[in-house]
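Structure record follows, encoded as structure tokens.
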Amino acid sequence: MARHATSQNTVGEEPEPGVLYLVPTPLGHLGDLSPRAAHILGHVDKLAAEDTRVTRKLLARLDVHPELVSCHEHNEEGRASQICGWLAEGLRVGLVSDAGTPLVSDPGYRVVQAVLADGHRVCALPGPVAATTALSVSGLPPDRFTFVGFLPKKPKSKADALLEVQALPWTMVFYSACHELLRDLAAIEQHLGDRRVCASRDLTKRGERHWRGTASVVQAELRTLERVSGEWTVVVEGAAPAPVQEGVDDAADALIGALLAAGLGARAVRDVVADHTGLGRKLVYDRVLERNRD
């Protein structure tokens with residue numbers, strides 16, 4: 001078999017000056033850190049981390065010692081400007097989150113936005129993502145999916161966020177904190193219906209477990225736990241297809257006739273009947289026009 005590796009894609013490549021490297025870190029299992037990611041972590045001049053305490057442990061395991069600085073939601077804007085300055089000086093800079101791929105429900109977007117606006121290059125390494133890991137093992141359709149991330153904590157905002165995705169026909173992936181998990185599942189059941197879900201805890205860690213079933217069944221099982229702990233990813237079935245509408249039934253047709261007889265315009269009749277019956281507006285409007293021609 002022919003070999004196509006070049007010096008540009010070998011593990012031992014040196015990070016380039018003036019480039020920001022987005023480096024995925026393991027979700028839990030250290031073996032999931034790629035050799036290339038480990039090499040980059042050992043050869044950047046500066047490393048921006050969501051939580052330096054978490055990243056310092058990983059660096060100690062690797063026995064590498066780049067200069068470590070924090071980059072989290074409270075200081076990201078200021079840190080972005082500083083990182084742009086380092087890149088302009090020709091330094092090699094890395095960015096990591098606590099676990100998984102940076103920017104996916106983690107800090108880093110403002111940094112990348114600023115770096116690109118300043119004309120510097122960003123290099124993203126492939127690696128672990130909790131959303132796709134959970135999707136793969138969920139047993140739900142993976143061909144099309146929407147990543148929703150964390151739901152808001154306030155009940156009204158949580159409900160609004162779920163109503164935005166209520167009609168989506170494809171699988172959805174949520175992140176959930178352990179103290180919010182049961183509330184998130186209850187809101188999913190209330191606003192999306194009792195759909196099939198897979199709630200995954202501590203992906204790739206020793207305590208990894210998956211609860212599959214309808215939202216109500218999974219909630220009942222989780223309530224039997226002594227304590228809900230760990231990091232959670234919840235995969236939810238998409239909305240069922242709307243039933244095929246074959247035509248306007250007698251009751252709806254009678255309502256159309258009554259409203260037309262009362263002098264309402266065609267569009268007004270369409271809107272009233274569609275809202276009252278749940279029939280599609282085009283279906284109703286076509287029938288209204290037919291009756292007007294009779």
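The values are calculated or read from the model by the stated rules, or taken from the named source; none is laboratory data. This one's a predicted model, so the numbers in the text were calculated from it and none came from an experiment. Using ideal geometry, Cβ is built from the backbone for each residue, glycine included, and neighbour counts are taken over all protein chains shown. Quick note on the areas: whole protein, heavy atoms, side chains included, nothing else; ligands and nucleic acids left out. Shrake-Rupley method; radii C 1.70, N 1.55, O 1.52, S 1.80 Å.
What to note about this one:
Every residue, every condition in (1) part of a helix (DSSP H, G or I); (2) modelled with pLDDT under 90, yes or no:
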residue	(1), (2)
GLU221	yes, no
VAL234	no, no
ALA242	no, yes
ALA251	yes, yes
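- Filtered by the rule that a residue be closer than 30 Å to SER136 by Cβ and open to solvent by less than 60 Å² (accessible area, probe 1.4 Å), region 238-269 gives GLY238, ALA239.
- A residue that is surrounded by 15 or more Cβ atoms within 10 Å (Cβ to Cβ) and closer than 30 Å to GLU13 by Cβ occurs somewhere in region 196-206.
- Residue check for PRO102: open to solvent by less than 40 Å² (accessible area, probe 1.4 Å), under 15 Å from VAL19 (Cβ atoms) and of a type outside the set (A, V, I, L, M, F, W, C): yes
- PRO15 being at pLDDT below 95 and open to solvent by less than 10 Å² (accessible area, probe 1.4 Å): yes
- Flag if VAL96 is over 30 Å from ALA240 (Cβ atoms) and crowded, with 19+ Cβ neighbours inside 10 Å: yes
- If you go through region 209-237 and keep only what is without any contact (Cβ under 8 Å) to a residue 12 or more places away in the chain and open to solvent by 70 Å² or more (accessible area, probe 1.4 Å), you end up with ARG209, GLU221, THR224, GLU226, ARG227.
- Test: residue in region 146-160 that is within 18 Å of the chain's Cα centre (by Cα), of a type outside the set (D, E, K, R) and crowded, with 21+ Cβ neighbours inside 10 Å: yes
- Cβ-Cβ distances below 7 Å connect the following pairs, each with a first residue in region 122-138 that is open to solvent by 30 Å² or more (accessible area, probe 1.4 Å), a second residue that is among the aliphatic types (A, V, I, L, M) and outside any helix (DSSP H, G or I), and a separation of six or more residues or different chains: VAL122/LEU20; VAL122/LEU22; ALA124/LEU22; VAL129/VAL104; THR133/LEU27; THR133/LEU203.
- Of residues in region 110-128 being under 23 Å from the mean Cα position of the chain (by Cα) and small (Gly, Ala, Ser), the one nearest to GLU13 (Cα to Cα): ALA124
- Residue list for region 109-165, filter: of a type in the set (D, E, K, R) and either under 30 Å from ALA49 (Cβ atoms) or in contact with a helix residue (DSSP H, G or I) (Cβ under 6 Å, 6 or more places away or on another chain) (or both): ARG110, ASP118, ARG121, LYS153, LYS154, LYS158
- Whenever a residue of region 62-74 is of a type in the set (A, V, I, L, M), its partners that are open to solvent by 100 Å² or more (accessible area, probe 1.4 Å), lying with C-beta atoms within less than 9 angstrom and at least six residues away or across chains, give the pairs LEU68/ARG56.
- Some residue of region 276-291 being surrounded by 13 or more Cβ atoms within 10 Å (Cβ to Cβ), touching a Phe, Trp or Tyr at 6+ places or on another chain (Cβ under 9 Å) and within 30 Å of GLU164 (Cβ to Cβ): no
- Restricting region 23-80 to residues that are closer than 25 Å to THR132 by Cα and hydroxyl-bearing (Ser, Thr, Tyr), the residue that is most open to solvent (accessible area, probe 1.4 Å) is SER34.
- So VAL272, is it more than 26 Å from the chain's Cα centre (by Cα), outside any strand (DSSP E or B) and surrounded by fewer than 16 Cβ atoms within 10 Å (Cβ to Cβ): yes
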